[in-house]
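Okay, structure first, notes after.
The values are calculated or read from the model by the stated rules, or taken from the named source; none is laboratory data. Source: prediction; values computed, not measured. Here Cβ is always computed from backbone atoms with ideal geometry, including for glycine, and neighbour counts include all displayed protein chains.
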Amino acid sequence: MHNEKSISFDSYEKMAEYYFEFVDTKPFNAYYERPATISLLPCVKGKKVLDAGCAAGWYSKWLIEQGAEVTALDFSPNMIEMTKKRVGNKADVVRADLNEPLNFIADRSIDIVLSSLTLHYLKDWNIVMTEFGRILKHSGFLVFSVHHPFMDFIYFNRENYFLTELLEDEWETNKEKVKVQFYRRPLCKIISSVIEAGFTIDKLIEPMPTEKFKELQPKIYKKLTKNPHFLFLRARRGLPDWA
Ligand SMILES: C[S@@+](CC[C@H](N)C(=O)[O-])C[C@H]1O[C@@H](n2cnc3c(N)ncnc32)[C@H](O)[C@@H]1O
C-alpha cells in the first residue's frame, strides 16, 4: 500500500527492530553522521521541526530533549512503531511517503526540516523539495545528509558519474543480510534540486569522523579521513533580500 516509486520499503520494514536496538551506537551514525548533522542545526528550542525519514526515532527523541515540537514521518509502519515506542506521545508520528505531497502539514507551519540519510531513496526530488518549501516558514531551515555521490561512484565502480542511477547494497544486521536499494546522483543534481525549489544553500560540509570513531574503528576512521562518505547540507527557504 505504498507508492510504486518507493524503493527499499521491505528492507526498512525488516530492519525496524534492528534500527531501534543497534543503530544508535554504530560508529557511522553516532560518531560521524549525527555530530555533523547536529552541527548544521540552528537552536531548535521552541521550534517546530519535521523529522523526515525518522526511522526508529533517534533524532525525534533528541529534538524533543532539546525542546523542539516534533512531527516525525516515515513510510515504514514498523519504523513508525519504533519511533512511537521511543517518544510516546511527545511527538506527532505519522506514516507518510516522501514521494507524495505532505497534505497533512499546513503551508508555512514548520521552522526546520531535518532529513537524515533518507533523500537518496527518492529518484525524483521535485515533489519532496517543493513540499519542504511549501511547509517551511520564510527563512526556515532545511538540513539533510545523504550518501556522498563520490563515495557511491567509487564504491560501486560506476562508469558514468553524471547519471542518476539505482544501486543495490547488502547490509548486515543482527539477524540477516538485507538488500537495500538507493539512488546515486551527481553533486550538481543534488544542489540544483535544492536551489530550483527556492532554497538558498548556506552550508555544505564533508566532515571528518570524530576521535571516538578512531578509538572504536581505527582502520575505517583512517579511510574516512581520506574519502568522504556522507554529504551534509543546510539551506534556507527563500532568497536573500538583495536577490
Ligand atoms: C537510513 S534511515 C534514516 C535514519 C534516521 N534518520 C536516523 O538517523 O536514525 C532511512 C529512513 O528513510 C525511510 N524512507 C525511505 N524512503 C522513504 C520514503 N519514500 N518516504 C518516507 N520515508 C522513507 C526508511 O523507512 C528509513 O526509516
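Data table
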| item | result |
| --- | --- |
| Residues within region 217-243 that are over 25 Å from D152 (Cα atoms) and part of a loop (DSSP other than H, G, I, E, B), tallied | 6 |
| Residue selected from region 35-56 under the condition surrounded by 19 or more Cβ atoms within 10 Å (Cβ to Cβ) and part of a helix (DSSP H, G or I), by the criterion nearest to the ligand (Cβ to nearest atom) | T37 |
| Filter result (surrounded by fewer than 17 Cβ atoms within 10 Å (Cβ to Cβ) and either farther than 18 Å from D74 by Cβ or among the hydroxyl-bearing types (S, T, Y) (or both)) within region 7-34 | T25, K26 |
| Residues (surrounded by fewer than 24 Cβ atoms within 10 Å (Cβ to Cβ) and part of a helix (DSSP H, G or I)) located in region 57-69 | W58, K61, W62, I64, E65 |
| Residue in region 205-217 that is within 30 Å of I110 (Cα to Cα) and exposed (fewer than 13 other Cβ atoms within 10 Å of the Cβ) present | no |
| Single match in A106, A72 (criterion: more than 9 Å from the ligand (Cβ to nearest atom), touching a helix residue (DSSP H, G or I) at 6+ places or on another chain (Cβ under 9 Å) and in a loop (DSSP other than H, G, I, E, B)) | A106 |
| Checklist (1) surrounded by fewer than 18 Cβ atoms within 10 Å (Cβ to Cβ); (2) in contact with a Leu (Cβ under 6 Å, 6 or more places away or on another chain) applied to R184, failing item | (1) |
| Residue that is basic (K, R), touching a residue at least 12 places away in the same chain (Cβ under 8 Å) and assigned to a helix (DSSP H, G or I), where the choices are K203, K214, K189 | K189 |
| Pairs, first of a type in the set (D, E, K, R) in region 1-26, second near the ligand (Cβ under 8 Å from one of its atoms) and modelled with pLDDT of 95 or more, C-beta under 7 Å, six or more apart | K5/N99; E13/S76; D24/W58 |
| Residue match in region 198-206 (condition: within 21 Å of the chain's Cα centre (by Cα) and under 26 Å from F9 (Cα atoms)) | no |
| Selection within region 129-150 - more than 18 Å from R34 (Cβ to Cβ) and either more than 13 Å from the ligand (Cβ to nearest atom) or under 12 Å from the mean Cα position of the chain (by Cα) (or both) | M129, T130, G133, R134, I135, L136, K137, H138, S139, G140, P149, F150 |
